[in-house]
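Read the structure below first, then the notes.
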Amino acid sequence: MLIQPAFKLGFWTLLVFSYLQYGWAAKCGANSPSVRQTQVGFGDPPKFMVEIQNNCPMCPAIDIHVKCGSFSQTLVDPSLFKVLGYNDCVVNGGLPLAPLQKISFNYSHQKFLMSLSTWYFQCE
Ligand SMILES: *[C@@H]1O[C@H](CO)[C@@H](O)[C@H](O)[C@H]1NC(C)=O
């Protein structure tokens, strides 16, 4: 009695998940979001420009998390880049970046290493 609904749910979850996977593969290819830093100021402290871009030409990217070390929230507007905890920052409040949309901000501090952590593509 209990097994069957659980099985059905599992089946549908798998089906939907496979479809989403297929959607990404077909529409986004290997175009995962990029996180780039460029040094733009050479004083003390140095200044860095951070650019985060959704490189998928067809689907919005949502809930983009970045490994950000001990990045400090005081350096940036949290609506652009919110520090959730050590090594976990979220871009644009977790809201979608449109296809090919880029957000950018600058911070003045010793460099914090950053790299892409997790995200989802929202393909129809
Ligand atoms: C960041 O700094 C660069 C170089 O000074 C400047 O061109 C760019 O407009 C700045 N970006 C922001 C978001 O302030």
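The values are calculated or read from the model by the stated rules, or taken from the named source; none is laboratory data. Here the structure is a predicted model, which means the values were calculated and not measured. So basically every Cβ, Gly included, is an ideal-geometry build from the backbone, and we count neighbours across all protein chains shown.
Within the stretch 57-82, how many residues turn out to be free of Cβ contacts under 8 Å to residues at least 40 places away in the same chain and within 13 Å of the chain's Cα centre (by Cα)?
Filtering the stretch 57-82 down to residues free of Cβ contacts under 8 Å to residues at least 40 places away in the same chain leaves 72-82.
So of that shortlist, the ones also within 13 Å of the chain's Cα centre (by Cα) come out as 80-82.
Qualifying residue count, the stretch 57-82: 3.
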Conditions (1) outside any strand (DSSP E or B); (2) surrounded by 15 or more Cβ atoms within 10 Å (Cβ to Cβ); (3) in contact with an Asp or Glu (Cβ under 9 Å, 6 or more places away or on another chain): number failed by C56
(3)
List pairs: first in the stretch 88-105 and assigned to a loop (DSSP other than H, G, I, E, B), second within 16 Å of the ligand (Cβ to nearest atom) and at pLDDT 95 or above, Cβ under 6 Å, 6+ apart or cross-chain?
none
Of all residues in the stretch 80-118 being β-branched (V, I, T) and out of contact with any helix residue (DSSP H, G or I) (no Cβ under 8 Å at 6 or more places or on another chain), the one that is farthest from the ligand (Cβ to nearest atom)
T118
Kindly indicate the residue of the stretch 67-104 that is surrounded by 15 or more Cβ atoms within 10 Å (Cβ to Cβ) and of a type in the set (F, W, Y) and also farthest from S34 (Cα to Cα) among those meeting that condition.
F71
Among the residues of the stretch 105-124, write down those that are crowded, with 17+ Cβ neighbours inside 10 Å and in contact with an Asp or Glu (Cβ under 8 Å, 6 or more places away or on another chain).
W119
